[in-house]
Amino acid sequence: MSFLLPLLCAFYFLIVGILVLRNNPKNHLARIFFAVCLTTFCWHYPFSFAYNALNEESAYLLFKMSWCAILFLPTTIYHFFAILSDCKKEKKFVYSSYLYCAILLIFHLLTNLVISGTYDYYWGFYPSAGPLEMVHILQTFIVVSRGIYLAYLSLCAEQDYKKKSQIKYCIFGFL
């Protein structure tokens, strides 16, 4: 039963992302919001099945698949806030962050340095942290904090009420 809530959340994110993209497919902000939603879906979907996996090996494989998305989620959030803030000078930092994620992904796929195994709890399996997970957590803190900071600066400088409300709700939503 522990798989149901993450499974429903996964589809919720996917549906919201599709709806936003469908309403404005040419808008760059809508496309990156869809990327955030899709990345979140790709995290939650395998996790939901890993909780109730029949054995540790299949749970670990599902967690490995899920972590391929998790590694990129902070950067997609940062990318979203950089675009929301219309901060063009952040582009090189956003792409550097994507490159960093790609390097972490290579380590993740080839080693057990990001997640090193699984724990078996009463509610199901859960991944155990490898030594590089702390590096990912630090990167998450840095890029998401930077993105929220950019949005906050944009909120303070914005004059248009509609855009100001949009930025405010995005900040609170991600927090």
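The values are calculated or read from the model by the stated rules, or taken from the named source; none is laboratory data. Here the structure is a predicted model, which is why all the values come from computation and not from measurement. Cβ placement follows ideal geometry from the backbone for every residue including glycine, while neighbour counts extend to all protein chains displayed. Only protein heavy atoms, including side chains, enter the accessible area calculation; ligands, DNA and RNA are left aside. Shrake-Rupley method; radii C 1.70, N 1.55, O 1.52, S 1.80 Å.
Among the chymotrypsin sites (Phe, Trp or Tyr not before Pro) within the range 69-175, those in coil by DSSP and having at most 16 neighbouring Cβ atoms inside 10 Å are 122, 123. Take residue 79: with every protein chain present and a 1.4 Å probe, its accessible area is about 30 Å².
Rounded to the nearest 20 debye, the dipole size of the chain about its Cα centre is 920 debye, using +1 on the Cβ of Lys and Arg and -1 on the Cβ of Asp and Glu. Remark: the range 113-123, residue by residue, has Karplus-estimated 3J(HN,Hα) of 7, 8, 10, 10, x, 9, 9, 10, 9, 5, 9 Hz, where x stands for each Gly or Pro and the curve is 6.51 cos²θ - 1.76 cosθ + 1.60 at θ = phi - 60°. Across the range 65-75, computed HN-Hα scalar couplings (Karplus, 6.51 cos²θ - 1.76 cosθ + 1.60, θ = phi - 60°) run 4, 4, 5, 4, 7, 4, 4, 9, 4, x, 6 Hz from first to last residue, x flagging Gly and Pro. For residue 118, nonlocal amide neighbours, meaning residues 5 or more places apart or on other chains whose placed amide H falls under 5 Å from its own, are 128.
Taking 19 Å as the straight-line reach from the Cα of residue 164, the aspartates and glutamates in range (excluding those fewer than 8 positions away in the same chain) are 86. For the range 120-144, the residues whose amide N sits under 15 Å from a probe point set 7 Å from the Cα of residue 96 along the beta carbon direction are 139-140, 142-144. Comparing 175, 87, 108 along the charge dipole axis of the chain, the residue lying farthest to the positive side is 87, per the Cβ-charge model. The mean sequence distance of close C-alpha pairs (under 8 Å, at least 6 residues apart), as a share of the length of the range 20-175, puts its relative contact order at 22 percent. Our coupling estimate for the range 44-53, obtained by passing each phi through the Karplus curve with A = 6.51, B = -1.76, C = 1.60 and θ = phi - 60°, is 6, 4, x, 4, 4, 7, 5, 4, 10, 4 Hz, Gly and Pro reported as x. Taking every alpha-carbon pair under 8 Å whose residues sit at least 6 apart, the range 94-175 reaches a relative contact order of 17 percent. Put the Cα centre of the range 81-117 next to the Cα centre of the range 1-75 and the gap is 17 Å.
Adding -39500 (n - 2.57) for every DSSP H run of four residues or longer, then dividing by how many residues the chain holds, sets the calculated 222 nm ellipticity at -25000 deg cm²/dmol.
For residue 132, the residues 5 or more places off, or on other chains, whose built amide H falls under 5 Å of its own are 114.
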